[in-house]
Amino acid sequence: MAKRDYYEVLGLQKGASQDEIKRAYRNLAKKYHPDVNKEEGAEAKFKEINEAYDTLSDEQKKARYDQFGHEDPTQGFGGGGFGGFGGAGGFGGFEDIFSSFFGGGQRSRNSNGPRQGADVEKQMSITFEEAVYGCKKRVRLSVDDECIHCGGTGAQSKSDISTCQKCKGQGKVFIRQQTIFGVSNVQTTCPDCNGKGKIVTKKCTECNGKGRIRRTKDVEVTIPAGIQTGMTLRMEGYGESGYNGGPSGDLYISFVCGEHKNFVRDGQNIILQIPISFTQAALGDTIEVPTIDGNVSLKIPAGTQTGTKFRLRGKGTKNPKGGISRGDQIVITNIETPTNLTNEEKQLLEKLANVQKIEKKSPWDKFKNLFK
């Protein structure tokens, strides 16, 4: 079966940035990880995602893939690729192929070294007012933390940890393997200690030898004023704890902001439609207009029409990324046609209509003349 396009696998368009590639991989890997997703085909999907990320996250591999796709002519030996004769050592990719047959093996992460913990993603719904003014909220997280009892070692005590005898604490061993060049020694992860270099003889009773415990904790989140739906807040170090002394992951909170019954947000601007009477529109007036900061005076000039827009500068929302600039409030007028008129109001409007007939043509007369 032909391989799927790597960008399609990650749900991206060709030319995606490294940040987009990393974000897409993180989301998909969490979704299809075999430890989380037990559905049929999840493991194969997870391997496909990792293969795509391995290529697209490497700028050189990505450039070759963008040019040749899966038919990369440099992929001649075991998928390693020559990659020209540049780079370190003067041989580039060929050096990697050579080492893979004679003791180098595939480069792998040192499981005994410090590693950053996993990121945590949450979604939070907030009200219109909380988004506009900013607020503090608490979010409950369930994360893997380092076991306090054993310090992450997985052992009941320090005396229950011994050096792996098979790899002598190196975490790697050499095995004999038949290759196209003959029999060679290939380095691989030690099967006894899984690359840790140490063996636990008595497991920690608190974490059962895992070195980590699932904990629930509450985190206070400071939400900046002006946050909008779809924005994400990153809280460094509030994710799951790291491994072997590595840093904790980060907490990413995406927001869904509620709506207001009158105000409508457009980026940092706020839009408000206001009703004005026929006489206010014709004669002009000064009215009080509500804003998120309270009422302000707005002068309505004589002859204002429905749909006229007035800009109240600096009466929009703050920039959640900081700075002193604010958006504006856009006020749109809507002239209300009077109903349920009193006798006096009817008489006055009839008098106005008679005057307009004598002195000037009505808007309807002007409109009809356009078709003559």
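The values are calculated or read from the model by the stated rules, or taken from the named source; none is laboratory data. What you are looking at is a predicted structure, and each value in this text was computed from that prediction instead of being measured. For neighbour counting, all protein chains shown are included, and Cβ atoms are generated from backbone atoms with ideal geometry for every residue, glycine included. Heavy atoms of the whole protein, side chains included, go into the accessibility calculation; ligands, DNA and RNA do not. Shrake-Rupley method; radii C 1.70, N 1.55, O 1.52, S 1.80 Å.
Can you name every residue in region 273-320 that is free of Cβ contacts under 8 Å to residues at least 12 places away in the same chain and assigned to a strand (DSSP E or B)? Step through it out loud before you land on a result.
First, pick out the residues of region 273-320 that are free of Cβ contacts under 8 Å to residues at least 12 places away in the same chain: 279, 288, 294-295, 297.
Correct list: E288, G294, N295, S297.
So the check is Cβ under 8 Å with 6+ separation or different chains; which pairs have a first residue in region 16-29 that's open to solvent by 20 Å² or more (accessible area, probe 1.4 Å) and a second one that's hydrophobic (A, V, I, L, M, F, W, C)?
Correct list of pairs: E20/L12; Y25/L10; Y25/I49; Y25/A52; L28/L10; L28/I49.
Would it be correct to say that I199 is part of a strand (DSSP E or B), open to solvent by 20 Å² or more (accessible area, probe 1.4 Å) and among the hydrophobic types (A, V, I, L, M, F, W, C)? Full working, then the answer.
Values: part of a strand (DSSP E or B): yes; open to solvent by 20 Å² or more (accessible area, probe 1.4 Å): yes; among the hydrophobic types (A, V, I, L, M, F, W, C): yes.
It is true that I199 is part of a strand (DSSP E or B), open to solvent by 20 Å² or more (accessible area, probe 1.4 Å) and among the hydrophobic types (A, V, I, L, M, F, W, C).
Tally the residues that are under 29 Å from C257 (Cβ atoms) and open to solvent by 70 Å² or more (accessible area, probe 1.4 Å), restricting the search to region 298-322.
Our first condition is that a residue be under 29 Å from C257 (Cβ atoms); within region 298-322, this holds for 298, 307-322.
Narrowing further to those that are open to solvent by 70 Å² or more (accessible area, probe 1.4 Å): 309, 311, 313, 318, 321.
Within region 298-322, residues that are under 29 Å from C257 (Cβ atoms) and open to solvent by 70 Å² or more (accessible area, probe 1.4 Å) number 5.
Does any residue of region 112-122 turn out to be β-branched (V, I, T) and surrounded by 15 or more Cβ atoms within 10 Å (Cβ to Cβ)? Quick ask: steps written out before the conclusion?
Step one: list which residues in region 112-122 are β-branched (V, I, T), which gives 120.
Filter once more, keeping what is surrounded by 15 or more Cβ atoms within 10 Å (Cβ to Cβ): 120.
Yes - at least one qualifying residue is present in region 112-122.
What do you reckon, is V186 β-branched (V, I, T) and closer than 27 Å to L251 by Cβ?
On the way: β-branched (V, I, T): yes; closer than 27 Å to L251 by Cβ: no.
When the stated conditions are applied, V186 does not pass them.
Given the conditions (1) modelled with pLDDT of 85 or more; (2) in a loop (DSSP other than H, G, I, E, B), which single one is not true for F77?
Condition (1) is where F77 drops out.
Suppose the filter is surrounded by 16 or more Cβ atoms within 10 Å (Cβ to Cβ) and within 27 Å of E240 (Cα to Cα); does C164 pass it?
Details: surrounded by 16 or more Cβ atoms within 10 Å (Cβ to Cβ): yes; within 27 Å of E240 (Cα to Cα): no.
Judged against the criteria, C164 is not a match.
Kindly establish whether V219 is open to solvent by less than 50 Å² (accessible area, probe 1.4 Å), touching a strand residue (DSSP E or B) at 6+ places or on another chain (Cβ under 7 Å) and in a strand (DSSP E or B). Break it down stepwise before answering.
On the way: open to solvent by less than 50 Å² (accessible area, probe 1.4 Å): yes; touching a strand residue (DSSP E or B) at 6+ places or on another chain (Cβ under 7 Å): yes; in a strand (DSSP E or B): yes.
Yes; evaluated as a whole, the condition is true for this residue.
Consider R234 carefully, then state whether it is in a strand (DSSP E or B), more than 30 Å from D293 (Cα to Cα), of a type outside the set (S, T, Y) and open to solvent by 50 Å² or more (accessible area, probe 1.4 Å).
So R234 does not fit the description; no.
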